[in-house]
Amino acid sequence: METDNGKGLILAVASSVFIGSSFILKKKGLKRAAANGTRAGYGGYTYLLEPLWWAGMITMIVGEAANFVAYIYAPAVLVTPLGALSIIISAILAHFLLKEKLKKMGVLGCVSCIVGSVVIVIHAPKEQTPNSVQEIWSLATQPAFLVYVAITMSIVLALILHFEPLCGQSNVLVYIGICSLMGALTVMSIKAIGIAIKLTMEGVSQIGYPQTWLFLLVAVTCVVTQLIYLNKALDTFNAAIVSPVYYVMFTTLTIVASAIMFKDWSGQDAASVASELCGFITVLTGTMILHGTREEEQQQASSSGNADLIFGSSESVRWYESRKSPNEEHLISLYSPEY
């Protein structure tokens, strides 16, 4: 494997390990905090005093930093799909540390992600790293990529101005579409910034070029827009639905954008490109399976919790208070197998 691709691969895998672990650390921290105060879901901030939660945040920051550097050395077609490994790490650690059982379909999803990732790594193209930010600017202003950017921004504006007021609260594709389209441009601009930083550290300063600061401005704008609409999506829809849809759309669009701007598949034969596409589809399938099994487990846990709340157990008495209007008296109902 080529040296740069090898570095990018190691950083991408390390990023997935850190990010996947961070979810478990934060969740354990939130559980501890909930035992000592108001839960975060109900507006509590006790978790800010929990060291385990902060350990999870630091781990996530390290993972995101590793992912940022990975884009400097390897093409997006290699780095982006490997993000699915964080889901595997999270699922495995949750099985052992949080007692969230990983079912057979979950194991199949993990295996699919691993197999797809291996196929992508084997057939990943070698990327030609530009020697200056001006070269990156030339790639960003080539007609094919300008057409892609124009189409992307047109769709984003249509989604924000027309479709969001119309069906944003009922169709998950509106918010996720905005996030994914802007996310692909985020990766392209961040990759440009990363290469500029790398060249500057090697002694070839890129700070004086206005293109460097323009890429930074684009990155900040895209990241802010992406975060705003991702938060809207998570607040409106189930996270088990948002996560896989966002991963599929974001990964697909990022690979397309990178292939157009950096010509990732230039010089590869049809067999290698087909193998990468098959590996990519396999990773997406595994991701959907994993999230599908998690969503099912969450629904079962929620149903079980509601049943316990209403009916109680044979050794406990549950009180239920109902009020139809402010003027009616309180009705107290007692549920217990003993009555």
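The values are calculated or read from the model by the stated rules, or taken from the named source; none is laboratory data. It should be emphasised that the depicted structure is a prediction, and the values quoted were computed from it without experimental measurement. A quick note on method: Cβ atoms are made from the backbone with ideal geometry, for glycine too, and the neighbour counts reach across all protein chains shown. Ligands, DNA and RNA are stripped out before the accessible areas are found, and what is left, the full protein with its side chains, is counted by its heavy atoms. Shrake-Rupley method; radii C 1.70, N 1.55, O 1.52, S 1.80 Å.
Basic side chains Lys and Arg get +1 at the Cβ, acidic Asp and Glu get -1 at the Cβ, and with that the dipole of region 130-263 about its Cα centre reaches some 120 debye. Of the peptides 269-276, 251-258, the ranking by mean beta-carbon count within 10 Å, highest at the top, reads 251-258, 269-276. Magnitude of the charge dipole for region 1-127, about its Cα centre and with charges confined to Cβ atoms of Lys, Arg (+1) and Asp, Glu (-1), is about 740 debye. The simple spin-label model puts a point 7 Å past each Cα toward its Cβ; for S170 and L214 those points are separated by 4.3 nm. Since only G106, T152, S132 are under comparison, the one whose Cα sits farthest along the positive direction of the charge dipole of region 99-159, derived from C-beta charges on Lys, Arg, Asp and Glu, is G106.
Can you tell me how region 98-160 classifies by the Cα gyration tensor, rounded, prolate or oblate, using a/c under 1.5 as the rounded cut? Cα axes put region 98-160 in the oblate bin. For the pair K7 and H95, a Förster radius of 45 Å applied to the C-beta separation gives a FRET efficiency near 0.90, rounded to the nearest 0.05.
Taking the charge dipole of region 1-127 about its Cα centre, with +1 at Lys and Arg Cβ atoms and -1 at Asp and Glu Cβ atoms, the residue from L48, I19, S117 reaching farthest to the positive side is L48.
Rolling a 1.4 angstrom probe over region 1-127 with all protein chains present gives an accessible area of which 70% lies on carbon and sulfur atoms. Extending 7 Å from Cα along the Cβ direction at N131 and again at T252 yields two label points whose distance is 3.9 nm.
Length available on full extension from V115 to I197: 0.36 nm per residue minus the Cα-Cα distance, which gives 26.2 nm.
Protection proxy ranking, highest mean first, for peptides 24-32, 50-58, 66-74: 66-74, 24-32, 50-58, where packing is the per-residue count of other beta-carbon atoms within 10 Å, averaged. Quick check on region 130-263: take the gyration tensor over C-alpha atoms, sort the square-rooted eigenvalues as a ≥ b ≥ c, and tell me if it's rounded (a/c under 1.5), prolate or oblate. Taking the square roots of the gyration eigenvalues as a ≥ b ≥ c, region 130-263 is prolate. Normalised by 2.2 N^0.38 Å, where N is the number of residues, the alpha-carbon radius of gyration of region 113-199 equals 1.41. Here the peptides 10-16, 138-144 are ranked by packing, the mean other Cβ count within 10 Å, and the order with the highest first is 10-16, 138-144. Post the alpha-carbon centroid distance, region 264-288 to region 103-160, in whole angstrom. Using only Cα atoms, the two centres lie 11 Å from each other. Charge dipole of region 65-219 (Cα centre as origin; +1 on each Lys and Arg Cβ, -1 on each Asp and Glu Cβ, all else neutral): 560 debye, rounded to the nearest 20.
Once you order the gyration tensor axes a ≥ b ≥ c over the Cα atoms, which shape class does region 1-127 get: rounded for a/c under 1.5, otherwise prolate or oblate by comparing a/b with b/c? Note, shape of region 1-127 comes out oblate.
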